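Colleague: Here it is, the structure, as structure tokens.
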Amino acid sequence: KGDVKVKTETLKKVIQMILNGEKFPTLLMTVIKFLMPLQDHTIKKLLLIFWEIVPKTGADGKLLHEMILVCDAYRKDLQHPNEFIRGSTLRFLCKLKELVMDILRVLASPDPEVRKKTLQLVLDLVTSRNIHE
């Protein structure tokens, strides 16, 4: 809790500590509860860095359950009125290598409607990337 300036400085320190090898396995829910809902642009930028460097899988190699909440928050950011937030979120999502194999597995689904929606997603990602790069 606290004001945005304190949260910003704390998040910067946490990012620096993670980059230096520190582990914070119980910090994810705190970040999700108290930082993800904030609309401050500096916090949003720092969160993109945080989620890029923090481990997203458990010891078994499976995606952490907390990441479902993170994905929902970023789904909302993709609809944000500020184009910088939308663009930064898209760049971040394209860096999530963990998603690639899951998307490919869904493409192999026996349900044609699921395959169709997945193909639309891939096409949207490729088309959006080509337009902006």
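Colleague: What single numbered condition from (1) under 18 Å from the mean Cα position of the chain (by Cα); (2) modelled with pLDDT of 80 or more fails to hold for Glu98?
Modeller: The failed condition is (2).
Colleague: Another question, if that's okay. When you go through Leu78, Leu64 one by one, which is the residue that is under 21 Å from Leu11 (Cα atoms) and either among the small types (Gly, Ala, Ser) or in contact with a Lys or Arg (Cβ under 9 Å, 6 or more places away or on another chain) (or both)?
Modeller: Working: Leu78 fails: under 21 Å from Leu11 (Cα atoms).
On inspection, the qualifying residue turns out to be Leu64.
Colleague: Name the single residue, out of those in segment 1-36 being of a type in the set (S, T, N, Q) and in a helix (DSSP H, G or I), that is surrounded by the most Cβ atoms within 10 Å (Cβ to Cβ).
Modeller: Looking at residues that are of a type in the set (S, T, N, Q) and in a helix (DSSP H, G or I), I get Thr8.
Colleague: How many of the residues in segment 29-72 are touching an Asp or Glu at 6+ places or on another chain (Cβ under 7 Å), closer than 20 Å to Ser88 by Cβ and not basic (Lys, Arg)?
Modeller: Residues that pass the stated criteria total 1.
Colleague: While we're on this one: Do we have any residue at all in segment 117-125 that's farther than 24 Å from Thr8 by Cβ, at pLDDT below 85 and in a loop (DSSP other than H, G, I, E, B)?
Modeller: No, segment 117-125 contains no residue that is farther than 24 Å from Thr8 by Cβ, at pLDDT below 85 and in a loop (DSSP other than H, G, I, E, B).
Colleague: All but one of (1) part of a helix (DSSP H, G or I); (2) at pLDDT 85 or above hold for Gln39, so report the exception by its number.
Modeller: Gln39 satisfies every listed condition except (1).
The values are calculated or read from the model by the stated rules, or taken from the named source; none is laboratory data. Being a predicted model, the structure only gives us computed values, none of them experimental. Because the Cβ atoms are built from the backbone with ideal geometry, glycine has one as well, and the counts that use them run over all protein chains shown.
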